[in-house]
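Beneath this line is the structure, given in structure tokens, with notes to follow.
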Amino acid sequence: MFKNKIIVSKPELLYDIGELPFAYVDGSCCTHRRGDGKIEFFTTFHLNHKHQQVHFVGTAEKPFETELEQFKIDFNGYREVLPSGIWVQSHYECEDGMFIGFCHREDLHKDDIDYPQNYHLGFSVSFDKGNSWKYLGDVLGSCCNYISKRRTGGWWPNLGGVPFFPGKDGYFYFYFNEFNADYKRYVSGARLPMKEAIEMIRKGENPASLVKKYSGNGVWDTEPMHGTAAPMISTDLEDVRFIPEVGYEYDSHSDAAYCSALDKYILILQSARQVIMFLSDDGCNWNDYRVLFTAEPDVGLAYYSTIVGMDDEASDDFSTVGHKFCVHFTHKPEYSRIPGSIGNYAKDKYYRCCVTIE
């Protein structure tokens, strides 16, 4: 039982279709609170045959208030020909001001059912508060990479990501969509020691050798690039809805944080048309949850959540939040993941739910 009360507001529409000051939402925002209290939002999408790495400053209530100069990503030799790309989805700010970016990378060639589409997670680094990043390399992959869509039943092995938090035990924990040998998709996690990772990243080294996927029963020792992690999240929940035709359960294009007011970890996940907040004491047993949003009518795609702290207890990178925070997310009411369906991915209704701990 919780000694605190968790109060979740009704979803609040921040931007209706056509009101966002950029083309469409294609990932969670990397966010950072400045010294003046304003919040910077970094997000990436593709438009006009180019990578668009847009950068805004605003507030929790109006996130995309003022557009700044686009941020830059040094791909460091990795494929950047569209539709391939790198998304800096979240970050950790070190004591000396260095930013460590948790990244989603797609190595895509052409939309051909017989051509493999490959997905990885990796780290980047910024020494100028997120205005420019250098990708350091892949640290995690899927056993379904380098396999054609025909063999996976028409699905790409999209790892999602990258929700993360700094654990109280000195590890970075991050979460992703895993796939087993039968191409079944579920959410799992990985971790690496913070001190050693920070030292390597500061020197421009890829910390891939430190990463281990979750193996089950509280053990983290599975090889990260080709090994298969164990499932973490129960799907037998009373008010969580799944869509069998979509072919998967939870999705981790989302965010996470440590909540100091609860002394628990928070992981936001989606179940196609719902946004759900899970809670954990240890980062591997997610035994409580709150449904934040359910699409009504039951259409479209709810995706791309971002946690934004709303009090002084939150860290500036929002990897830690306190008694009050909100969860931003988009609902694409005219888009569907059901095979054979069509829809408009670029039409977004952008929401937030506020969470208060009493």
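The values are calculated or read from the model by the stated rules, or taken from the named source; none is laboratory data. Every value quoted in this text rests on a predicted model; they were computed, and no experiment measured them. Here Cβ is always computed from backbone atoms with ideal geometry, including for glycine, and neighbour counts include all displayed protein chains. Ligands, DNA and RNA are stripped out before the accessible areas are found, and what is left, the full protein with its side chains, is counted by its heavy atoms. Shrake-Rupley method; radii C 1.70, N 1.55, O 1.52, S 1.80 Å.
Looking only at segment 260-272, count every residue that is at pLDDT 95 or above, part of a strand (DSSP E or B) and open to solvent by less than 20 Å² (accessible area, probe 1.4 Å) and tell me the total. Quick ask: steps written out before the conclusion?
As a first pass, look at segment 260-272 and keep what is at pLDDT 95 or above: 260-269.
Going one step further and asking which of them are part of a strand (DSSP E or B), we end up with 264-269.
Within this subset, residues satisfying the condition of being open to solvent by less than 20 Å² (accessible area, probe 1.4 Å) are 265-269.
Number satisfying all stated conditions: 5.
Which residues, taken from segment 163-208, are in contact with a Gly (Cβ under 8 Å, 6 or more places away or on another chain) and farther than 16 Å from GLY283 by Cβ?
Hits for segment 163-208 are ASN177, TYR183, ARG185, LYS195, ASN206, ALA208.
Quickly run through segment 145-160 and pick out the residues that are more than 15 Å from SER188 (Cα to Cα), at pLDDT 70 or above and either out of contact with any strand residue (DSSP E or B) (no Cβ under 8 Å at 6 or more places or on another chain) or not aromatic (Phe, Trp, Tyr) (or both).
Of everything in segment 145-160, just one residue is more than 15 Å from SER188 (Cα to Cα), at pLDDT 70 or above and either out of contact with any strand residue (DSSP E or B) (no Cβ under 8 Å at 6 or more places or on another chain) or not aromatic (Phe, Trp, Tyr) (or both), namely ASN145.
From the list ASP348, ASP281, which one is open to solvent by 50 Å² or more (accessible area, probe 1.4 Å) and at pLDDT 95 or above?
Numbers: ASP348 fails: open to solvent by 50 Å² or more (accessible area, probe 1.4 Å).
Within the list ASP348, ASP281, the selection yields ASP281.
Please indicate, with yes or no, whether at least one residue in segment 321-330 is under 16 Å from ASP251 (Cβ atoms) and open to solvent by 10 Å² or more (accessible area, probe 1.4 Å).
No, because not a single residue in segment 321-330 is under 16 Å from ASP251 (Cβ atoms) and open to solvent by 10 Å² or more (accessible area, probe 1.4 Å).
On the basis of being at pLDDT below 95 and more than 26 Å from ARG105 (Cα to Cα), does GLU296 make the cut? Show your work before the answer.
Numbers: at pLDDT below 95: yes; more than 26 Å from ARG105 (Cα to Cα): yes.
Criteria met by GLU296.
Please give the number of the condition GLY130 fails out of (1) under 21 Å from GLY204 (Cβ atoms); (2) in a strand (DSSP E or B); (3) open to solvent by less than 10 Å² (accessible area, probe 1.4 Å); (4) not basic (Lys, Arg).
(2)
If a residue has to be more than 14 Å from TYR173 (Cβ to Cβ) and crowded, with 20+ Cβ neighbours inside 10 Å to count, how many in segment 284-301 make the cut? I'd like the intermediate steps shown before the answer.
The initial filter retains those residues of segment 284-301 that are more than 14 Å from TYR173 (Cβ to Cβ), namely 287-301.
Narrowing further to those that are crowded, with 20+ Cβ neighbours inside 10 Å: 292-293, 300-301.
Total satisfying the criteria: 4.
From ILE243, ILE198, grab the single residue that is modelled with pLDDT under 80 and surrounded by fewer than 20 Cβ atoms within 10 Å (Cβ to Cβ). Break it down into steps so the answer makes sense when it comes.
Working: ILE198 fails: modelled with pLDDT under 80.
Among ILE243, ILE198, only ILE243 is modelled with pLDDT under 80 and surrounded by fewer than 20 Cβ atoms within 10 Å (Cβ to Cβ).
Taking only segment 41-73 into account, find how many residues are surrounded by fewer than 16 Cβ atoms within 10 Å (Cβ to Cβ) and in contact (Cβ under 8 Å) with a residue 40 or more places away in the chain.
The total comes to 5.
LEU301 versus (1) modelled with pLDDT of 95 or more; (2) within 28 Å of GLY130 (Cβ to Cβ): which is the lone unmet condition?
(1)
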